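The values are calculated or read from the model by the stated rules, or taken from the named source; none is laboratory data. A quick note: this is a predicted structure, and the numbers were derived from the prediction, not measured. Every residue, glycine among them, receives a Cβ derived from its backbone with ideal geometry; neighbour counts consider all protein chains shown.
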Amino acid sequence: MFWIAGGKLADPTPREGALCVDGGTIAAKADAAAPGASAIDASGLILVPALIDAHVHLSVAGDPALVSREETRRGVAAVLDLGAPERMLPLRHPPLSICFSGPLLTAPGGYPTRSWGANGEGLELTTAEEARAAVRRLGQKGASFVKLAFDPGFPLLAPRVASAAAHEAHRLGLLVAAHALDTGSVRQALDAGADVLAHTPRDPLPADLLARMKGRWVISTLRAFSVPAERLRALHAAGARVAYGTDLGNENSAPGIDAGELQQLASAGVDFLAAATSSAAALLGLPGVGSLEVGASASLLAVRSLAPDDLAHPEWVMIDGRMAA
């Protein structure tokens, strides 16, 4: 058992305080460490929860074990992998917490099987029964999401096939994410039953689609596709819930915290720290990360300020009560 004292807690507004860590979890919060207790000096620093990236492709970014290790070293405690080949499931690379969907469910010849996903990142489906069977299989392998692909540059899932996959996912308690970057694809995704847009769409969405997004999720990935922040601002204003995501594995991405993505979230009027901590934890169904509450994992960053650049370059990182090396 030890304390981290002398600094401030982002709770969410920074205030003076100390955390007691025991067995990898936050055991207590106080104004100061207990007298005589072993303590890490955090003077001049702010403690924030380690971040959560709600859209990554570990196997596209490199060796998943090595990428996972680098993620935690650079301040990411948990991720949602939205496109790993089925043969790699389940994804387990502790101490990184990994939720996953497995491959994108797509039509024969559909996205991404004829582009970056030719090595199993896409699973081609023709019939509703194939879709239901695939979802059951992925669920048995530990998936908590399924991901549907809608890209008009390639063959598209038949509506009955997409709907069958989504219905089966919901029956099993899984969330349905969708790759949908244009207006038509977003409409198809919502019609099929998607809960989550895996990217902020490039297109400005019409009022009817914005209204349908109220209470649903959108994962930012603004930098990955050079999407204007105004697109996310409109979704956020319409009541969509927002989670931070980088699309790690895409061009110009690297393991760790993306200051540019956080800044884009701020430009969209989104609380970027919440989007990358408590909101992302809610989306992933991981109540033990993304907060400084008693009982949460002691996965923390010590930073000079809450500015995106300082968050992306923490003074030190702790994951499950251990300093990341």
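Worth a mention:
- Within the range 24-38, the set of residues being within 17 Å of MET318 (Cβ to Cβ), touching an Asp or Glu at 6+ places or on another chain (Cβ under 9 Å) and surrounded by fewer than 20 Cβ atoms within 10 Å (Cβ to Cβ) comprises GLY24, THR25, ALA28, LYS29.
- Of all the numbered requirements in (1) in a strand (DSSP E or B); (2) closer than 18 Å to SER253 by Cβ; (3) free of Cβ contacts under 8 Å to residues at least 60 places away in the same chain, ASP53 misses one, and that requirement is (3).
- Matching entry among VAL60, VAL48 (being under 30 Å from ASN250 (Cβ atoms), in a helix (DSSP H, G or I), among the aliphatic types (A, V, I, L, M) and under 18 Å from the mean Cα position of the chain (by Cα)): VAL60
- Taking (1) surrounded by fewer than 15 Cβ atoms within 10 Å (Cβ to Cβ); (2) over 21 Å from ALA131 (Cβ atoms) in turn, ARG233 satisfies each apart from (1).
- Within the set GLY153, GLY117, GLY173, the sole residue that is assigned to a loop (DSSP other than H, G, I, E, B) and buried (at least 21 other Cβ atoms within 10 Å of the Cβ) turns out to be GLY117.
- Identity of the residue in the range 1-40, at pLDDT below 95 and of a type in the set (Ser, Thr, Tyr), that ends up nearest to VAL303 (Cα to Cα): THR13
- Within the range 213-315, helices (runs of 4 or more DSSP H) holding 1 or more residues that are assigned by TED's automatic domain parsing to the domain that holds GLN188: 229-237, 259-267, 272-275, 278-284
- Filtering the range 184-199 to residues that are within 21 Å of PHE100 (Cβ to Cβ) and not hydrophobic (A, V, I, L, M, F, W, C) leaves GLY193, ASP195, HIS199.
- Of residues in the range 299-323 being buried (at least 20 other Cβ atoms within 10 Å of the Cβ), farther than 15 Å from VAL21 by Cα and hydrophobic (A, V, I, L, M, F, W, C), the one farthest from the chain's Cα centre (by Cα): VAL303
- Within the range 224-233, the presence of a residue that is closer than 15 Å to ASP53 by Cβ, free of Cβ contacts under 8 Å to residues at least 40 places away in the same chain and in contact with a helix residue (DSSP H, G or I) (Cβ under 8 Å, 6 or more places away or on another chain) is excluded.
- Positions within the range 176-199 being crowded, with 22+ Cβ neighbours inside 10 Å and within 19 Å of GLY239 (Cβ to Cβ), in sequence order: VAL176, ALA177, ALA178, ALA180, VAL186, ALA189, ALA194, VAL196, LEU197, ALA198, HIS199
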